[in-house]
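Some notes on the structure that comes next.
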């Protein structure tokens, strides 16, 4: 066990170092023209606030993961440590493959004696919860944007096929639940349905706050760039970002969702904020996101030393 912990620490340090390298590469790849900034004081002030908000969303997501982990582990865990692990693991998503951030979580669960099966289920709940909340937010604000984004990524001819696949997936899941209901019932007996509902509600609220906060960062940046903010275009910007976020999350692509997310933002928000503004807005938002993730990592190092 001691060897596993030592190996885990070494692997964790290697992942962190590689992640920082790829974060620097991601910033360089953005190709942001800093010469276009005329008022540095205003830019730094707005950026600092947005980076802090982004940092807070990392810890909000980490708290949601800690809640799922506590539920499936069936006992209290050190939430502060769990959130710190989440913040540290979060920068692993910048490594190619977009999955390395799960390695650090697995090491944490192993040290706590939590089975990999329970960890996997908690991760599945996290992904389903995030994607579900994102789609609910997007559909409630602008169903038209959601439909347009699906057509954008997959093409008009594939929309019906995608809907058919989703329907077939739902039917398959329901059939599996029906035929395996005895095994499922046996497994669920160790969990409280009331506690599950409470955990689900708490995490969905956290996911909603995180996604809306990320969208509001884009609204703040648009206002900084001289855009007029109204309830209508503000909600469309938030909705457009949420749709872009979830598609960048679920569609395999470059590390950290780079590419898909920016494409969707450009198309969906071009008519809202202007074709010339949306590209700059997207790049600055991406820069803020990267710096916010890195700040969360630095704060984690400080918290662990306190």
Could you list, ordered by first residue, the pairs with Cβ atoms under 6 Å in which the first is in region 289-306 and within 23 Å of residue 245 (Cβ to Cβ) and the second is surrounded by fewer than 18 Cβ atoms within 10 Å (Cβ to Cβ), at least 6 apart or interchain? 290/27
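Exposed (fewer than 15 other Cβ atoms within 10 Å of the Cβ) and either closer than 22 Å to residue 201 by Cα or at pLDDT 85 or above (or both): is that true of residue 69 in this structure?
no
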Evaluate the following for residue 306: is it at negative phi, modelled with pLDDT under 75 and touching a helix residue (DSSP H, G or I) at 6+ places or on another chain (Cβ under 6 Å)? no
Of the residues 256, 248, 292, only one is touching a helix residue (DSSP H, G or I) at 6+ places or on another chain (Cβ under 9 Å), closer than 26 Å to residue 59 by Cβ and modelled with pLDDT of 80 or more; which? 292
Only one of these is at pLDDT 70 or above, surrounded by 15 or more Cβ atoms within 10 Å (Cβ to Cβ) and under 19 Å from residue 290 (Cβ atoms): 83, 21, 49, 53. Name it. 53
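The values are calculated or read from the model by the stated rules, or taken from the named source; none is laboratory data. All values derive from a computational prediction rather than experimental measurement. Positions of Cβ are generated from backbone atoms using ideal geometry, with glycine treated the same way; all protein chains shown enter the neighbour counts.
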